[in-house]
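The values are calculated or read from the model by the stated rules, or taken from the named source; none is laboratory data. Please read these numbers as outputs of a predicted model, since none were measured by experiment. All Cβ positions, glycine included, derive from the backbone under ideal geometry; neighbour counts span all protein chains shown. Please note that ligands, DNA and RNA were not included when accessible areas were found on the heavy atoms of the full protein model with its side chains. Shrake-Rupley method; radii C 1.70, N 1.55, O 1.52, S 1.80 Å.
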Amino acid sequence: VAVNKKFYLAMAVPNLVKNPKITAKLLAPILEMDEQIIFERLAKKDDIYEPLKHKVDEAKKVEIETLALAGIQFEEELFRYYPESESLSQVLGFVGYQDDELAGRYGVEAYWEKELAGEKGSFVFERDALGRLIPLAKRLKAESQNGADLVLTLDRSVQFAACGALKESVEKYGAADGSVIVLDPKTGAILAMCNWPSYDANNYQNVENYNLYNNPAVSDPYEPGSMIKGITLAAALDLDKVTPETTYEDTGSVEISGYTIKNSDGKAHGWRTMTQVLEESLNTGAIFVARSIGAKMLYQYFKRFGFGEKIVIGVSNEKKGNISALENGREISLATASFGQGFTVTPLEIVAAFAAVANNGKLMKPYLVEEVRYASGKILKTEPQFVRQVISEKTAVTLSAMLGSVVKFGHAKGAAIPGYFIAGKTGTAEIADPEHKGYYTDRNIHSFVGFAPLENPRFVMLTKLTQTKGVAFAEST
């Protein structure tokens, strides 16, 4: 997905150019340069070197050589080339100039710059007062060393399918942007990761909005919304505070510290079980569950699931969420956190947490690099890393069945696949309005996280769409 490709530097030796005006006229359309700029460089009669253009491909080199233009020469140079173009750009980053040096920028390229770049060679020798080489003087030579190769965990077929579907969904629902992550819950290996819109890493210099260089799947913490009800219930189930059949009376709203919190549909649903709390995504039910364990324990379980911790998968600019609001112990913070509001997580943190549910309660560290292959022949292979047992196996199995019921009977029916049992949970999150210290009424984020097959999960996947148009809830998108 990232290789070194041979290009050419087109250059001129002006004092050998016979007719600068005609030469410039012939070169301009091939090099896609301004004719006047080329002419000015060629017209420097006493000059012996003028670079014209980097990254000239083989076809254009041959085309220019057939013109047999005096004073026009080529020098071979290597540049990074990305065969997959847009779908992996925000994961890989690119190799670009920092001052006058080429170096990895963003993504994998930046994080692994030292390993990928290798070591430059050097040749040290003595000159006389006139700058001439002293033939018999001592010389020191250090050989250059090739950098390492990286083998990623990404599955090209999964990446292609998931990223294509993401692009279609962003365009279909008029979203500002979208992200998708697919993870193997048993190992933590990332099988797919991308965002849309993206950019072409081969032409990164043409990007007008530099924010496109970032990878929102790991760099953009957000308030996740109702997906978190699954984690809130995981904590209460694990502490034996509730069972799937535990009931409470839903009156449609809860009064806390002068605030009135309602269900997303604004309705009262009467007596409901904990399974129905997930199926119908009831905010009042999530508050009931959270109150059964308290803010301190919910905070501890959030931490156990990995929220608020940087995971470090091997890309630059990875961020972590912020769950500090739960530390204050205020009842309103507990209530809003129970249904995914008032704190932030990254998409990567969410998918990793639900992967622990899919993996019998075992949290695995997500990773993107399968192997580092050094020029010496040494291979450093990433072994799946068990982080901790977040919830008991019994709790994980119970919660998985409840999440399966959400897809079969609840607000996530759109995720159902005939012949398979799928587990999952939607989340429709409001976007904070920092200016008015509240939330926008017309902007939201739609997310879904799920895993399949339910009886032996092979993948867990999160999709996220920001500011969709014409659809209110994630259930529809």
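What to note about this one:
- Flag for Glu475 being open to solvent by 10 Å² or more (accessible area, probe 1.4 Å) and either under 30 Å from Thr398 (Cβ atoms) or modelled with pLDDT of 85 or more (or both): yes
- Residues (open to solvent by 10 Å² or more (accessible area, probe 1.4 Å) and within 15 Å of Leu152 (Cβ to Cβ)) located in segment 344-368: Tyr367
- Verdict on Thr428 being touching a His at 6+ places or on another chain (Cβ under 7 Å), open to solvent by 20 Å² or more (accessible area, probe 1.4 Å) and either assigned to a strand (DSSP E or B) or free of Cβ contacts under 8 Å to residues at least 60 places away in the same chain (or both): yes
- For segment 190-199, a residue qualifies if it is open to solvent by 10 Å² or more (accessible area, probe 1.4 Å) and within 28 Å of Asn360 (Cβ to Cβ), and exactly one does: Leu191.
- Residues in segment 177-189 that are out of contact with any Ser or Thr (no Cβ under 9 Å at 6 or more places or on another chain) and assigned to a strand (DSSP E or B) were compared, and the one that is farthest from Pro366 (Cα to Cα) is Val182.
- Condition check for Lys25: in a loop (DSSP other than H, G, I, E, B), open to solvent by 70 Å² or more (accessible area, probe 1.4 Å) and either more than 27 Å from Gly104 (Cα to Cα) or without any contact (Cβ under 8 Å) to a residue 40 or more places away in the chain (or both): no
- Assessment of segment 370-383 against the conditions (open to solvent by less than 60 Å² (accessible area, probe 1.4 Å), touching a residue at least 12 places away in the same chain (Cβ under 8 Å) and farther than 30 Å from Glu143 by Cβ) yields no matching residue.
- Filtered by the rule that a residue be open to solvent by less than 60 Å² (accessible area, probe 1.4 Å) and closer than 27 Å to Asn4 by Cβ, segment 33-52 gives Met33, Glu50, Pro51, Leu52.
- Residue in segment 82-100 that is surrounded by fewer than 13 Cβ atoms within 10 Å (Cβ to Cβ) and out of contact with any strand residue (DSSP E or B) (no Cβ under 9 Å at 6 or more places or on another chain) present: yes
- Looking only at segment 409-422, and only at residues there that are part of a loop (DSSP other than H, G, I, E, B) and open to solvent by less than 40 Å² (accessible area, probe 1.4 Å), the one that is nearest to Glu223 (Cα to Cα): Ala412
- Flag if Ala335 is in contact with a Phe, Trp or Tyr (Cβ under 7 Å, 6 or more places away or on another chain), among the small types (Gly, Ala, Ser) and in a helix (DSSP H, G or I): no
- The residues of segment 68-95 that are touching a helix residue (DSSP H, G or I) at 6+ places or on another chain (Cβ under 6 Å) and under 18 Å from Pro51 (Cα atoms), listed by number, are Leu69, Ala70, Gly71, Phe74.
- Residue within segment 54-73 that is in contact with a strand residue (DSSP E or B) (Cβ under 6 Å, 6 or more places away or on another chain), assigned to a helix (DSSP H, G or I) and over 30 Å from Pro83 (Cα atoms) present: no
- Among residues of segment 449-462 being open to solvent by 50 Å² or more (accessible area, probe 1.4 Å) and touching a residue at least 60 places away in the same chain (Cβ under 8 Å), the one that is nearest to the chain's Cα centre (by Cα) is Met461.
- Residue in segment 70-108 that is modelled with the highest pLDDT, counting only those that are acidic (Asp, Glu) and under 22 Å from Leu166 (Cβ atoms): Glu86
- For segment 429-477, the tally of residues that are among the aromatic types (Phe, Trp, Tyr) and either touching a Leu at 6+ places or on another chain (Cβ under 7 Å) or under 22 Å from Lys413 (Cβ atoms) (or both) stands at 4.
To keep it simple, each residue is scored yes or no on (1) open to solvent by 20 Å² or more (accessible area, probe 1.4 Å); (2) assigned to a strand (DSSP E or B).
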position	(1), (2)
Thr398	yes, no
Met402	no, no
Val407	no, no
Gly424	no, yes
Ala432	yes, yes
Glu435	yes, no
Tyr439	yes, yes
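- Candidate set: segment 315-331, residues that are open to solvent by 20 Å² or more (accessible area, probe 1.4 Å) and part of a helix (DSSP H, G or I); chosen: the one farthest from Ile256 (Cα to Cα): Ser324
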